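Comments concern the structure below.
The values are calculated or read from the model by the stated rules, or taken from the named source; none is laboratory data. If you're wondering where the values come from, they're calculated on a predicted model, not measured in any experiment. FYI the Cβ positions are ideal-geometry reconstructions off the backbone, even for glycines, and counts take in every protein chain you see.
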Amino acid sequence: MTTHLLIFMLVPLVACESIYSVDDSAGLGRRFDGIGGLSGGGATSKLLVNYPEKQLNQILDYLFKPNFGASLQILKVEIGGDGQSTDGTESSHMHEPWDENYERGYEWWLMVEAKKRNPNIKLYGLPWSFPGWIGNGTQNPYINPDVTTDYIIRWIKAAKKLYDLDLDFVGIWNERNYDIPYIKTLKAGLIANGFNNIQLVAADGDWGISDDILKDPAFAKAVDIIGVHYPGTTTTNQSVETGKPLWSSEDYSTYNDEVGAGCWARILNQNYVNGNMTSTISWNLIASYYLSLPFGRDGLMTAVEPWSGHYVVQDPIWVSAHTTQFSEIGWRYLKHGLGSGHLDNGGSYVSLMSPDSKDFTMVIETMSHDHSKCIRPGLPEYSVKPQNATFSLTGSLASVKELNVWRSRLTFGRSASDSIFKNLSKIKVISGQITLSLGVDEIYTLTTVATGTKGSYGDSPDSAKFPLPYADDFESYPEFSEAFNWVPQAGVWEVRQSQNPSARKVNRQVMLNPPVAWCALQEAPINLGGSQFWSDLFIQMDVLVPSVNGTSGVMLGARMTQGGCQVGSTDGVFFTVFPSSDSGSFLYIVSNDTARKNILLSGFYAASLGLDVWHHLSLIVRGDSVYGYVGIDSVFQIPSVNIPPTGFVAYGTADYGIADFDNFQVESSGDLRVIKPNPRIPTHKQNIL
């Protein structure tokens, strides 16, 4: 073996060498509760659902299949609440108190697929927003604790009854104020309904809840686990004093390049070393939402092209594997200073023991400051140097003779022959000791477990642009499902059977009232899709506004620049028409924002645009010119306007209320031409404005 390939070695003891005790004879530390990923918190798995079956199964294996990829041990999902929660909205199981349906959304499907691959995976549900009726006209979901408890219990019951899913954990309200009476009521409701094994995590925010737990024994009994977000690997004395398991129940949220991998490696170790946290859950599980939406590529891997099947297995997958493939929930950490702690020249190490003490795993990381920054919180300066580290195995570990070795070396653009998650030669334990020569930005797993695998399906299909032209008549979807490639940013769209005519399916905006919001409350529902790079477009769609529970208006949009919590102020061009039940003219507005606060043009068109009747809207954007049609008639022409050069397409409603959308078509605008009427809808003669 040549010298440059020797990545660890036994070396003679020298005075400057650090020796670390790894000893279980004084007992073990806290219980290891698992590494997980979060689907939701903003429709983060929306594009995953319609991947081709072959690639979809591969992606799910990389995430959940034991001893293959990330081998995740916890799946946390959003309990959809009809509100924007970072990158989109997720549908509630009860839009109204009389409207209960468990075929909506995709988190059910994802939990089932995770369980198929790993029956032992733990499931955790948490709401971000709530349907408006829960707040009873307010933005407070705790106003009636019994009502909100019943709403959550129904979701848990449906998971078991309809999908054979047993929830393991449930939370309160993501990153918002907790309410002690509600938490007590929810805990009592879980017990009363036979869900004694479901543990309540609170409050998915900061450590402040610890003070109230210490003050109130009844409250302490209701909270099983203290879960915090982005703790920066530290905790508080009060939290430790509660005696509760401490979790980083949402963490990471960082671009999944090598720096993101370094962030994930550092916090997976140091959340325990510094903060006694026994579980870390990544936001998000998989970046499967349009990249220009907020926090693009912040998942453990990336899958944003269902039309091509292309996906990328990013380094955080293999960083996860360093822990998850060689330990299980229920193992125990070794105590601080006796198997877990800081390395003298930077970095950290944690050790885990199986319940029967037959298996042992140690994970070591030497992530440098600039190569392991997470998006939040700020990271204090520190240094890491190459170092020799000797680990002295005593107690029951004295009988260990050799350990399997896996190593990742993050190169950050430097040429290197070493791969991520590489299985190296076994290391011998000599006189109870092993000595490693550790470089900077490395991860080692030393373990008695021999089943680790770097799974691979080879390269995924080549990347491709979103197809143009593109069309969808919504006929191929099951009722209550969401249309592929569309990501609702406010409001909720479901495929429904049309009443006019009854033989066709439509994409319906179904929300009648604003939600109890997590982001700033959005004034108007809007659905986004396509490509952020689209420019000159010809967009067509059929629309119908019902006379009962209908919205006041419907909209087509182009060159929409952003979504997420800022969707209400996005730039673009939006053509909104307001149908009326009378026989007079209809109002139209052209704006460059969804809230219609910056109006480019408005007016009345001298024709009737009735309710309960299908109409055909068209929007042409070409250069800085914008044209709008209703049916075959021109409604407006704006020859020059200041609008973004590129952006998504969109459709939506002027406010909360029902509207049906059908037969979406988009193509390059090319040369302007006469729009042909759609033969599927009635047309009527209109006067030219």
The condition of being farther than 23 Å from Thr254 by Cβ and at pLDDT below 95 holds, among Ser417, Ser396, only for Ser417
Just one listed residue, out of Arg508, Arg496, is surrounded by fewer than 24 Cβ atoms within 10 Å (Cβ to Cβ) and within 16 Å of Met555 (Cα to Cα), and it is Arg508
When Arg376 is run through (1) crowded, with 24+ Cβ neighbours inside 10 Å; (2) part of a loop (DSSP other than H, G, I, E, B), the failure sits at (1)
When the stretch 112-150 is checked residue by residue, the ones that are buried (at least 23 other Cβ atoms within 10 Å of the Cβ), in contact (Cβ under 8 Å) with a residue 60 or more places away in the chain and outside any helix (DSSP H, G or I) are Tyr124, Leu126, Trp128, Ser129, Phe130, Pro131, Pro141
When the stretch 519-555 is checked residue by residue, the ones that are surrounded by fewer than 18 Cβ atoms within 10 Å (Cβ to Cβ) and among the β-branched types (Val, Ile, Thr) are Val548
Within the stretch 190-206, restricting to residues that are in contact (Cβ under 8 Å) with a residue 12 or more places away in the chain and out of contact with any Phe, Trp or Tyr (no Cβ under 8 Å at 6 or more places or on another chain), the one that is farthest from Gln139 (Cα to Cα) is Asn197
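So, restricting to strands (runs of 3 or more DSSP E) that lie completely within the stretch 592-649, which ones have at least 2 residues that are buried (at least 22 other Cβ atoms within 10 Å of the Cβ)? Steps first, answer last, please.
Details: elements: 599-605, 615-622, 625-630, 633-638.
Hits in the stretch 592-649: 615-622, 625-630.
Considering each residue of the stretch 436-448, count those that are crowded, with 20+ Cβ neighbours inside 10 Å and among the β-branched types (Val, Ile, Thr), and give that number. Write out each step before concluding.
Filtering the stretch 436-448 down to residues crowded, with 20+ Cβ neighbours inside 10 Å leaves 436, 438, 441-447.
Those still in the list that are among the β-branched types (Val, Ile, Thr) too: 443, 445, 447.
Total satisfying the criteria: 3.
Yes or no, residue by residue, for (1) over 30 Å from Phe533 (Cα atoms); (2) crowded, with 24+ Cβ neighbours inside 10 Å; (3) of a type in the set (Ser, Thr, Tyr); (4) at pLDDT 95 or above:
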{"site": "Tyr252", "(1), (2), (3), (4)": "no, yes, yes, yes"}
{"site": "Arg297", "(1), (2), (3), (4)": "no, no, no, yes"}
{"site": "Tyr311", "(1), (2), (3), (4)": "no, yes, yes, yes"}
{"site": "Asp344", "(1), (2), (3), (4)": "yes, no, no, yes"}
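Among the candidates Ser463, Ser476, which residue alone is under 30 Å from Gln58 (Cα atoms), over 26 Å from the mean Cα position of the chain (by Cα) and assigned to a loop (DSSP other than H, G, I, E, B)? Before the answer, list the steps.
On the way: Ser463 fails: over 26 Å from the mean Cα position of the chain (by Cα).
Residue meeting the stated conditions: Ser476.
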Conditions (1) surrounded by 20 or more Cβ atoms within 10 Å (Cβ to Cβ); (2) at positive phi -> Glu175 fails only (1)
(Q) Please determine whether any residue of the stretch 184-198 is under 23 Å from Gly275 (Cβ atoms), assigned by TED's automatic domain parsing to the domain that holds His229 and under 25 Å from the mean Cα position of the chain (by Cα). (A) no
How many residues of the stretch 237-263 are over 14 Å from Pro377 (Cα atoms) and assigned to a helix (DSSP H, G or I)? The answer is 9
Apart from one, (1) in contact with a Ser or Thr (Cβ under 6 Å, 6 or more places away or on another chain); (2) at pLDDT below 95 all hold for Ser498; the odd one out is (1)
Margin query: Condition first: part of a loop (DSSP other than H, G, I, E, B) and touching a Ser or Thr at 6+ places or on another chain (Cβ under 9 Å). Can you find one or more residues in the stretch 264-278 that meet it?
Written below: yes
Exercise. Is it the case that Leu617 is at pLDDT below 95 and in contact with a strand residue (DSSP E or B) (Cβ under 9 Å, 6 or more places away or on another chain)?
Worked result: no
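Here are some residues: Ser320, Ser408, Ser354, Ser396. Which one is in contact (Cβ under 8 Å) with a residue 60 or more places away in the chain and over 28 Å from the mean Cα position of the chain (by Cα)? Spell out how you get there, then give the answer.
Values: Ser320 fails: over 28 Å from the mean Cα position of the chain (by Cα); Ser408 fails: over 28 Å from the mean Cα position of the chain (by Cα); Ser354 fails: in contact (Cβ under 8 Å) with a residue 60 or more places away in the chain.
None of the other options fit; the residue is Ser396.
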Scanning the stretch 303-338 for residues that are touching a helix residue (DSSP H, G or I) at 6+ places or on another chain (Cβ under 8 Å), among the β-branched types (Val, Ile, Thr) and more than 22 Å from Leu291 (Cβ to Cβ) gives Thr323
In the stretch 217-233, anything surrounded by fewer than 24 Cβ atoms within 10 Å (Cβ to Cβ) and outside any strand (DSSP E or B) is listed as Pro217, Ala218, Phe219, Ala220, Lys221, Ala222, Asp224, Tyr230, Gly232, Thr233
Considering the stretch 417-433, residues that are over 38 Å from the mean Cα position of the chain (by Cα) and over 19 Å from Ser357 (Cβ atoms), and then whichever is surrounded by the most Cβ atoms within 10 Å (Cβ to Cβ), we arrive at Ile427
For the structure I just gave you, tell me whether Pro488 is farther than 17 Å from Pro546 by Cβ, in contact with a Leu (Cβ under 8 Å, 6 or more places away or on another chain) and not in a strand (DSSP E or B). no
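Looking at Ala558, is it of a type in the set (A, V, I, L, M) and surrounded by fewer than 16 Cβ atoms within 10 Å (Cβ to Cβ)? Spell out how you get there, then give the answer.
Numbers: of a type in the set (A, V, I, L, M): yes; surrounded by fewer than 16 Cβ atoms within 10 Å (Cβ to Cβ): no.
Considered against the rule, which asks whether it is of a type in the set (A, V, I, L, M) and surrounded by fewer than 16 Cβ atoms within 10 Å (Cβ to Cβ), Ala558 comes out as no.
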Filtering the stretch 546-589 down to residues that are out of contact with any Phe, Trp or Tyr (no Cβ under 9 Å at 6 or more places or on another chain) and not polar (S, T, N, Q) yields Pro546, Val548, Gly550, Val567, Gly568, Asp571, Val573, Phe574, Asp582
